[in-house]
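Some notes on the structure that comes next.
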Amino acid sequence: MRAEAVRLLRTVPHRCGYFCGRMAQNLVIDPHARDLATIFGDALRAGFRRAGEHVYRPACHGCRACVAARIPVPTFQPDRAQRRCMRRNQDLAIVDRPARIDDETFVLYRRYLEARHPGGGMDDAEPVDFTRFVRSSWSETRFLEFRLDGTLVAVAVTDHTPAGLSAVYTFFDPELRARGLGTFAILSQIEQARRLGLPHVYLGYWIAGHPKMDYKARFRPLEVLDEGRWRTLDAPIERPERAAESP
């Protein structure tokens, strides 16, 4: 992505969603920039991702814990646990459709948030909040639905770009946690990218050792953006410790 092609904005500091007591900041591509859809693939390659209308990447003072990660589709091979997950969910029907919001989808999303983020402020989401989060006016976003005997049990919100698929968000029936639907969603996105001839599935940000983010390292080979270059994750990335704000 050419530096002169877009204007970058810096958000005001806000509470970090991953580490208690830390503050975070993001760089955001000007949401009024022309041709956001055209440059989005290059933005993914540069470590950005999308949330709603905004394309952003972390730019936190004194912390580089969030590392952009992607799966190289041609060389990915599922491990034994992932193959078991695929067999466990082979009874699910998978439907790829445009990202249209309906009551069935929102009810599942709300149930997922109530189970995953109880009392955290996200569990009282309204349909308009859901729409603003998963869709934008310019992105090619689709829902990969998973159904068990006709009932919707999981949705993988996926952006389609020439650079690859971007896994925006996945939510599922919390009562079916044992199925590993989050893992199965990523495996299904990898297979979808393979069918479409796309080179990568972008997973957003990996945080080494974080209980909610380290699972991404199980998808091998995994590529991470390190000092501006993508490389295969085969050893821990050394990150400077944060001083005053660290828990």
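All of the numbers you see were taken from the coordinates with simple rules; none came from a lab. Quick caveat, the model's predicted, so the values are computed rather than measured. Backbone-built Cβ (ideal geometry, glycine too); neighbour counts: all protein chains shown.
Here are the numbers for the structure shown:
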item	result
Average Cα contact separation per residue, region 72-202, under 8 Å, 6 or more apart, as relative contact order %	30 percent
Which of ALA154, LEU92, VAL134, positive extreme of dipole for region 72-202 (C-beta unit charges)	LEU92
Residues LEU176, LEU196, sorted so that the one with the fewest Cβ neighbours within 10 Å comes first	LEU196, LEU176
Length-normalised contact order of the chain in % [C-alpha pairs under 8 Å, at least 6 apart]	25 percent
Candidates per trypsin sites (Lys or Arg not before Pro) in region 187-223, loop by DSSP, up to 16 other Cβ within 10 Å	LYS212
Assigned charges on the beta-carbon of Lys, Arg, Asp, Glu; region 72-202 dipole about Cα centre (debye)	640 debye
Hydrodynamic radius of the chain per Kirkwood, over alpha carbon pairs, in Å	18.9 Å
Where no second cysteine Cβ lies under 4.7 Å, the cysteines concerned in the chain	CYS16, CYS20, CYS66, CYS85
